[in-house]
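The values are calculated or read from the model by the stated rules, or taken from the named source; none is laboratory data. On a predicted model such as this, the values are computed, not experimentally measured, just so you know. Counting neighbours? That spans all protein chains shown, and the Cβs are built from the backbone with ideal geometry, glycine included.
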Ligand SMILES: [Zn+2]
């Protein structure tokens, strides 16, 4: 059965078997890639980026910048680019029409059929995608770090990544994910995008979205699931460590706040661009390919600083909604009301004077102090696990430190290639 992804295109894994890979990579010029590119190679090869089958050529890039579409007409909001310096291109004698072997960890990872080598103005790209050219915007900073030449062409994975513990069970590519959803009997699945350890405000975001997605469906058997899809990529100091993010979300299921019948945790490799509205659309495309039917959006989705208004993402989504195969679920804030004695929604409770809003800063300071908060605010199982992750993976801290950046176990490695 064909699995149809974003843009109405079939999801096809572009992955060679070991014998083919050994034969086809023999004698190719090799180029080592950095982690961002390795992440995107995985996304392309397993179908997360359907309908893309490689890195963008100039016409697609230009069309994405100016029209937020690929040249084939499909909505696409973020450039997916492969860059080299002019020196790397000339020193290696790389020409259009060449096939390159891309290596990571100095092991063979993918074959890149270079169709095009081109230039593009980075300032123009930033203005179009991020709405600013300021290098303090992290997406612009990443754009300015690209080297001078862009190479477009198809990618085929020659060697599957080895996903390291504790991440392995959460690496569920699109075709496998869709199979899981069918096995669970879920007719609707709502995506929860996260880079956080969940407090009960997050838990209620998921529960609220589950109710919204459930809507008119029969309640005779469970038909709706929540998929936590953690974005795993470049970390900044002070972020929660990846191990804590993934494991604590899964703990909500294991401890019974959710169950196997309505909750699954997974990851997607992606280096956040913080493109706000355009990133919201990008997340919709990724999750469409994973087989989701609904996607949660709160305020200032994937934004940074004061670059985007709270509802800019919702408005941009509305302009292309007809072409997206995923339905947005807009969430209001959840908060603690001492008068109600419960977590409630700002859209429900009217004890406004008494509201205690969830604050990321407050939760962080609680976690930092190591004093167990009330279970209504932070689940004790989650709290214990955060502390355990700090010891086991975070060199004593649940937050990213220099030591963590230097010594952490990589999420994946590319092993040597053997037939
Ligand atoms: Zn109240």
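Annotations for the structure displayed:
- Residue within the range 146-154 that is farther than 29 Å from residue 230 by Cα, in a loop (DSSP other than H, G, I, E, B) and touching a helix residue (DSSP H, G or I) at 6+ places or on another chain (Cβ under 6 Å) present: yes
- Index of the failed condition, residue 358 passing every other in (1) modelled with pLDDT under 95; (2) within 16 Å of the ligand (Cβ to nearest atom); (3) over 22 Å from residue 379 (Cβ atoms): (3)
- Tally of residues being surrounded by 15 or more Cβ atoms within 10 Å (Cβ to Cβ) and under 24 Å from the mean Cα position of the chain (by Cα) across the range 387-409: 11
- Within the option set 328, 373, being buried (at least 16 other Cβ atoms within 10 Å of the Cβ) and either outside the structural domain of residue 242 (by TED's automatic domain parsing) or modelled with pLDDT under 95 (or both) holds for one residue only, 373.
- The single condition among (1) within 13 Å of the ligand (Cβ to nearest atom); (2) assigned to a helix (DSSP H, G or I); (3) surrounded by 15 or more Cβ atoms within 10 Å (Cβ to Cβ) that residue 349 does not meet is (2).
- Flag if residue 71 is surrounded by fewer than 18 Cβ atoms within 10 Å (Cβ to Cβ), in a loop (DSSP other than H, G, I, E, B), at negative phi and in contact with a helix residue (DSSP H, G or I) (Cβ under 9 Å, 6 or more places away or on another chain): yes
- Some residue of the range 125-147 being closer than 30 Å to residue 411 by Cα, assigned by TED's automatic domain parsing to the domain that holds residue 25, crowded, with 17+ Cβ neighbours inside 10 Å and over 24 Å from the mean Cα position of the chain (by Cα): no
- Flag if residue 291 is free of Cβ contacts under 8 Å to residues at least 40 places away in the same chain, over 25 Å from residue 393 (Cα atoms) and outside any helix (DSSP H, G or I): no
- Count of residues meeting criterion [outside any loop (DSSP other than H, G, I, E, B) and near the ligand (Cβ under 9 Å from one of its atoms)] in the range 337-346: 3
- Which listed residue, of 198, 222, is farther than 18 Å from residue 383 by Cβ and assigned to a loop (DSSP other than H, G, I, E, B): 222
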